[in-house]
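J.: Below is the structure I would like to discuss, written out as structure tokens.
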Amino acid sequence: MTASRRVPWTLIVFVVLATVPWVGSRYDTFLAAQIVIDALFAVSLNLLLGTTGLVSFGHVAYFGVGAYVCGILMKTYGVPFVLAFPAAGLGAALFALISGYFCVRLIKLYFAMLTLAFSQIVWAIAYKWNDVTGGDQGLPEIPYPNLDWINALPGCGDLRISDKFYLLTLALVAISLAVLHRIVRSPFGRMLTTIRDNPERAAFIGVNVRAYQLAAFVVAGAFAGAAGALYGIFSRGVFADYVFWSKSAEVIIMAILGGMDFFWGPPVGALVIVWLNQKITAYTEYWPFVLGAILLVLLFALPGGIVGGVHALWTRLRGRGRA
Amino acid sequence: MAPSFLFSQFMGGLTTAMFLFLIASGLSLVFGVMRVINFAHGSFYMLGAYLAWQVMRWVHPSSGGFWLAALTAALGVGLLGVVIERLFFRSLYGREELYQLLFTYALVLILGDAAKYIWGVDQLSVSAPPVLAGSVRMFGTQQPLYSLFIIVLGPLIAFFGWLGLNRTGVGRMVRAAQMDREMLDALGANVRTIYTGMFAFSAFLAGLSGALVTPIESIVPGMDVLIIVQAFIVVVIGGMGSFWGTFWGSVIYGQVLSFGILILPGFSLFSVFALMAVILIVRPWGLFGRPL
């Protein structure tokens, strides 16, 4: 712990990520953008999964609401990004408030089923409401925000628009992650963990368990919405497929693969999944098979995820060194 | 609207319902006994369809051939259920729900791609057995015999399932396992075998319904994830773990879908998921289930 406090690892990682448009290829920037957005999505889910102990099987609903709100505002109504982006977060938070109000009243598998039902409702609306969401055709060609102001920054004059959007994405994700980190480490976040570990005891000492769970649900929804808004612009379109329930499973896998007991676990999971996906789909179409195999290894051999495994190894080595 | 048209809609809804009941009954049984939501149930259904197609290629296209194919497919999937339960699932019983859910999801991914690898991505189809190939006139409409067969088969399976659960020694054991696993274990019953048996029987039912659906729907990759959500809806409406609940849940689902298209075209998809959400909110244990 002391070592990580001396070296500002997170800052270093973000600075390194910021250099990708200059040192890497166009493809590298594309990959990095996807990793960064998925990292935010996975961390937002982990506020429920790891911190609060709520197994949501419909987190993609809030990602989707954010993507659609931002996409519709920017494409159909020409609203600038500065307004559309917060609106996406707010829209997702609002939907999370309404759906979460009902979800937190249920326990365990029923909770999972209701989150799944809400996410399929979003999917059904996205798929069928042609006039607004574009139906099964989706919303292609969402415009990039106006990023000419980035030209004023030193060395940024001749970047591609996709590179500039990547830098904006990175900055917004960094801020979001910092906020989420503060939330997890705050007294509020500690109470969420207490509720996860022992809801009866939390209720007994006078905590309004449902209110806390609902607050976590709303915060997680808002940041998922922010990730969705960024993703819609990044991938140049919003489609109903983004909201199908299997996407919720994918983000759960990211969180678990990285390690849901650690704040930086889900981003590691996002990194590994996105990178592997790109490498493997390059020479086989059987990516789901590989993902399933990874999941099996994870469940039976590495339940703490990558970060959990490294952490355990680290503590053991350090313990041996001391002895 | 003409009565004959409404009747047609009703029969269409009923056929969908009875298919869904065949699929969802296994899902509901496994949930009732093991408290596991099995995402791979849809994959078992898909494998049943592919296996039936495969057997049909080997045998002559006759009525007997079709029944043989359906039975072989169901048995094959049931056997796969035994293997999966013994090799993997067993070690997850003590773990959190999340890990069990994710395990069944891993199966979805692996089995889906395995089917794609073996049978390709093209649509496959099986023709109805000659005995049931025609149609009959009812209230001014033509009803395919095969649909009528499914409409009769559904309640039959429901009846024998109920009989098996409530009037046999094995059924008593299964109900006891539903109520209190530890107690049953302590009393010396072989709970492990019951679990394996239930999982295999559930897979058998899924495989059977997959095989029987082939004359009506074409076999395509992705049929697994589409059907599993529908099966979830049905099981939730009726009550997770309730056998008759699943039956009536299917009937309600089929009719809502069938008539929802007439009343609000484009909203039937929305309405079934909304129905699922409303039931979970108002009565999480479903219309016919009991609170846990």
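Laboratory data are not the source of any read-out in this text; all were calculated from the coordinates shown. Since this is a predicted model, take the numbers as computed values, not measurements. With ideal geometry, Cβ positions are generated from the backbone for all residues, glycine too; neighbour counts draw on all protein chains shown.
J.: Enter the mean number of other protein chain beta carbons within 10 Å of the beta carbon of each residue in A:249-258, as an integer.
T.: Working: counts 8, 2, 0, 4, 4, 0, 0, 3, 0, 0.
Whole-number average of other-chain Cβ neighbours for A:249-258 is 2.
J.: Within the protein assembly as shown, how many Lys pairs sit with Cα atoms under 21 Å apart, leaving out pairs fewer than 8 places apart on the same chain? Walk me through the numbers on the way to the answer.
T.: Values: A:LYS75/A:LYS128; A:LYS75/A:LYS164; A:LYS108/A:LYS247; A:LYS128/A:LYS247; A:LYS247/A:LYS279; A:LYS247/B:LYS116; A:LYS279/B:LYS116.
Lysine pairs satisfying the spacing and distance rule in the protein assembly as shown number 7.
J.: Within a 10 angstrom radius of the beta carbon, how do B:LEU6, B:LEU269 rank from fewest other beta carbons to most? Let's see the in-between values first.
T.: Details: B:LEU6 15, B:LEU269 18.
By the 10 Å Cβ count, ascending, the order reads B:LEU6, B:LEU269.
J.: Right, something else. To the nearest whole number, what is the average tally of beta carbon atoms from other chains within 10 Å of the beta carbons of peptide B:276-284?
T.: Whole-number average of other-chain Cβ neighbours for B:276-284 is 6.
J.: Rank by packing, highest mean first: peptides A:33-43, A:155-165, B:92-102, with packing defined as the count of other Cβ atoms within 10 Å averaged across residues.
T.: Working: A:33-43: 26.8, A:155-165: 14.7, B:92-102: 16.4.
Per-residue mean Cβ counts within 10 Å order the peptides as A:33-43, B:92-102, A:155-165.
J.: Now for a different question. What's the FRET efficiency of A:ALA152 with B:SER218 using the Cβ-Cβ distance as r and R₀ = 51 Å, to the nearest 0.05? The partial results should precede the final answer.
T.: On the way: r = 58 Å, r/R0 = 1.14.
Rounded to the nearest 0.05, the efficiency is 0.30.
J.: Just checking the output field for A:281-288: average partner chain Cβ neighbours within 10 Å of each residue's Cβ? Each step should come with its number before you reach the end.
T.: Values: counts 0, 0, 0, 1, 4, 7, 2, 9.
For this peptide, the per-residue mean of nearby foreign Cβ atoms is 3.
J.: How large is the Kirkwood hydrodynamic radius of region B:1-104, in angstrom, based on all distinct alpha carbon pairs? Don't skip to the answer; put the middle values down first.
T.: Details: mean 1/r = 0.0621 Å⁻¹.
Hydrodynamic radius (Kirkwood, Cα pairs) of region B:1-104 is 16.1 Å.
J.: Can you compute the FRET efficiency between B:LEU6 and B:LEU287 using 1/(1 + (r/R0)^6), with r the Cβ-Cβ distance and R0 = 25 Å? Round to the nearest 0.05. Walk me through the numbers before you get to the answer.
T.: On the way: r = 24 Å, r/R0 = 0.96.
So the FRET efficiency works out to roughly 0.55.
J.: Still on this structure, please answer the following. Taking the mean number of other Cβ atoms within 10 Å as a proxy for protection, how do you rank A:247-253, B:149-155, B:133-139 from highest to lowest? Mind showing how you got there, number by number?
T.: Working: A:247-253: 22.9, B:149-155: 17.4, B:133-139: 11.7.
Descending packing order for the listed peptides: A:247-253, B:149-155, B:133-139.
J.: Let me ask something else about it. Run the dipole for region A:196-308 about the Cα centre, Lys and Arg Cβ at +1, Asp and Glu Cβ at -1, nothing else charged, and hand back the magnitude in debye, nearest 20. Numbers along the way, then the final one.
T.: Working: 6 positive and 6 negative charges, 32 e Å.
Charge dipole of region A:196-308: 160 debye, to the nearest 20.
J.: Counting only complete DSSP H runs, which helices of chain A cover 20 Å or more along their long axis at the Cα atoms and score a mean Kyte-Doolittle of 1.6 or above?
T.: Working: long enough: A:26-46 (30 Å, 0.97); A:60-75 (22 Å, 1.50); A:81-103 (32 Å, 1.89); A:108-128 (30 Å, 1.10); A:161-185 (36 Å, 1.36); A:209-234 (37 Å, 1.43); A:245-258 (21 Å, 1.19); A:265-281 (24 Å, 0.85); A:287-301 (21 Å, 2.55); A:305-322 (26 Å, -0.14).
Helices meeting the span and hydropathy rule in chain A are A:81-103, A:287-301.
J.: Please sort through the DSSP H helices of chain B and keep those with an alpha-carbon extent of at least 27 Å along the long axis and a Kyte-Doolittle average not below 0.0.
T.: Working: long enough: B:3-34 (45 Å, 1.58); B:63-87 (36 Å, 1.50); B:97-119 (33 Å, 1.04); B:145-167 (32 Å, 1.60); B:191-213 (33 Å, 1.38); B:243-263 (30 Å, 1.30).
Helices passing the filter in chain B: B:3-34, B:63-87, B:97-119, B:145-167, B:191-213, B:243-263.
J.: Most exposed first by the Cβ proxy, i.e. fewest other Cβ within 10 Å, how do A:GLU285, A:GLU141 rank? Write down the numbers at each step before the final one.
T.: Numbers: A:GLU285 12, A:GLU141 8.
Least crowded to most crowded, the residues run A:GLU141, A:GLU285.
J.: Please compute the modelled spin-label separation between A:ALA211 and A:ASP136, points set 7 Å along Cα→Cβ, answer in nm with one decimal.
T.: Between A:ASP136 and A:ALA211, the label points sit 4.7 nm apart.
J.: Test of understanding: ordering A:LEU45, A:LEU109, A:LEU153 by Cβ neighbours within 10 Å, fewest first, what list do you get? Don't skip to the end; give the middle numbers.
T.: Numbers: A:LEU45 27, A:LEU109 20, A:LEU153 11.
Fewest-to-most Cβ neighbours within 10 Å comes out as A:LEU153, A:LEU109, A:LEU45.
J.: Next up: Using the alpha carbon gyration tensor of region A:2-247, what are the three equivalent-ellipsoid semi-axes (square root of 5 times each eigenvalue), largest first, in whole Å? Walk me through the numbers on the way to the answer.
T.: Working: eigenvalues 197, 123, 35 Å².
The equivalent ellipsoid of region A:2-247 has semi-axes of 31, 25, 13 Å.
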